[in-house]
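*Asks:* There's a structure below that I have some questions on.
The values are calculated or read from the model by the stated rules, or taken from the named source; none is laboratory data. Not measured: the values here are computed from a predicted model. Note that we place each Cβ from the backbone using ideal geometry, even for glycine, and neighbour counts take in every protein chain shown.
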Ligand SMILES: [Zn+2]
């Protein structure tokens, strides 16, 4: 079992502690908890089976988000799952995902189907202050107000995760909470400007480019091929239903690959820089230009900006958004010249100071300058 108290660091560097308290559920609450274990275990085994089948038939490994997206469908076909809190169900799929990660990183054997002796806990992954009551009770959604023996003081406002466990005939609550908040890094020396490009995903003021990867384009092609295959199958036939199911899985998979890539790019930027300047997105306005719309949607700019912002916030780094006017036309050489160019012109060539540079890098440098200026004015 987990120790009653411990400290560890999460992947992103936040300090967390776990404290364990005894729970004393009533007979009725106990029945509900066991019933919840049963339903969660059934979902776990179903999700494991689904991963195995899809891998065998398509050679594609589906993952957490793939399966989470289909939870509503599962709940519709199995109404008894209304008895279980939705976050608890999501956590079931997260556990399975972790089991696969452990396996792929060679820490454990291939995930096993669980019998009732191997599934004896549930987790509320997004606990809120409202769960805790002063008089020694914890309010577990869909279970009830359960007596909790807090044998030491703890800060209910910081609790992030509640894990309820049955072990050796006793009930426990493991509370995970953050113990340190992250101080803001105000350094401006290690700053970068990023331009959300069209040919590459982004260009930085340091002259780097992040591309949309080839394997992603490949996955998208495979998806289109599968869609064509489906349209050739007979309507209402068993084969068509099966193919539809597989297509949905592949579709989810590609969408997740896209997101994964954006996570990777945003993480790498936030790790590398203390201050990130980017354009205040005029995606809406640009969408009106039809030729551009497809590239913008593919590149997922809005999502990338969101990822950068929340990842930066998490580690105390800053993001400054700047008005995007003329960032691509203005010469970044410092001469102040506006060099007009349409989208087909890839190189910025300044007739005044002679600067010759990639057009997106030029824009990224302007974005950085403008960001620093905004900070200076803000004091
Ligand atoms: Zn110039």
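*Asks:* Could you tell me whether the stretch 236-251 includes any residue that is under 20 Å from residue 300 (Cα atoms) and either in contact with a helix residue (DSSP H, G or I) (Cβ under 9 Å, 6 or more places away or on another chain) or modelled with pLDDT under 80 (or both)?
*Replies:* yes
*Asks:* OK, next. Would you pick out the residues in the stretch 58-73 that are touching a helix residue (DSSP H, G or I) at 6+ places or on another chain (Cβ under 7 Å) and in a helix (DSSP H, G or I)?
*Replies:* Once the filter is applied, which keeps residues that are touching a helix residue (DSSP H, G or I) at 6+ places or on another chain (Cβ under 7 Å) and in a helix (DSSP H, G or I), the stretch 58-73 yields 58, 64, 65, 66, 67, 68, 69, 71.
*Asks:* A further question on this structure: Which one of these does residue 359 not meet: (1) modelled with pLDDT under 95; (2) within 15 Å of the ligand (Cβ to nearest atom); (3) surrounded by fewer than 17 Cβ atoms within 10 Å (Cβ to Cβ)?
*Replies:* (3)
Condition check ((1) in the same structural domain as residue 39 (by TED's automatic domain parsing); (2) under 22 Å from residue 21 (Cα atoms)) across all residues:
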| residue | (1), (2) |
| --- | --- |
| 82 | yes, no |
| 86 | yes, no |
| 94 | yes, no |
| 99 | yes, no |
| 103 | yes, no |
| 118 | yes, yes |
| 126 | yes, yes |
| 159 | yes, yes |
| 183 | no, no |
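*Asks:* Does residue 33 count as more than 21 Å from the chain's Cα centre (by Cα), at pLDDT 95 or above, in the same structural domain as residue 112 (by TED's automatic domain parsing) and in a strand (DSSP E or B)?
*Replies:* No: the conditions fail for residue 33.
*Asks:* Tell me the residue from 113, 154, 117 that is touching a residue at least 60 places away in the same chain (Cβ under 8 Å) and under 17 Å from residue 40 (Cβ atoms), please.
*Replies:* Result of the check over 113, 154, 117: 113.
*Asks:* Then there is this: Kindly indicate whether any position in the stretch 363-376 is within 11 Å of the ligand (Cβ to nearest atom) and crowded, with 22+ Cβ neighbours inside 10 Å.
*Replies:* Scanning the stretch 363-376, I find no residue that is within 11 Å of the ligand (Cβ to nearest atom) and crowded, with 22+ Cβ neighbours inside 10 Å, so the answer is no.
*Asks:* Looking only at the stretch 328-351, count how many residues are within 34 Å of the chain's Cα centre (by Cα) and more than 14 Å from the ligand (Cβ to nearest atom).
*Replies:* Number satisfying all stated conditions: 2.
*Asks:* Can you tell me how many residues within the stretch 210-243 are surrounded by 11 or more Cβ atoms within 10 Å (Cβ to Cβ) and touching a residue at least 12 places away in the same chain (Cβ under 8 Å)?
*Replies:* 13
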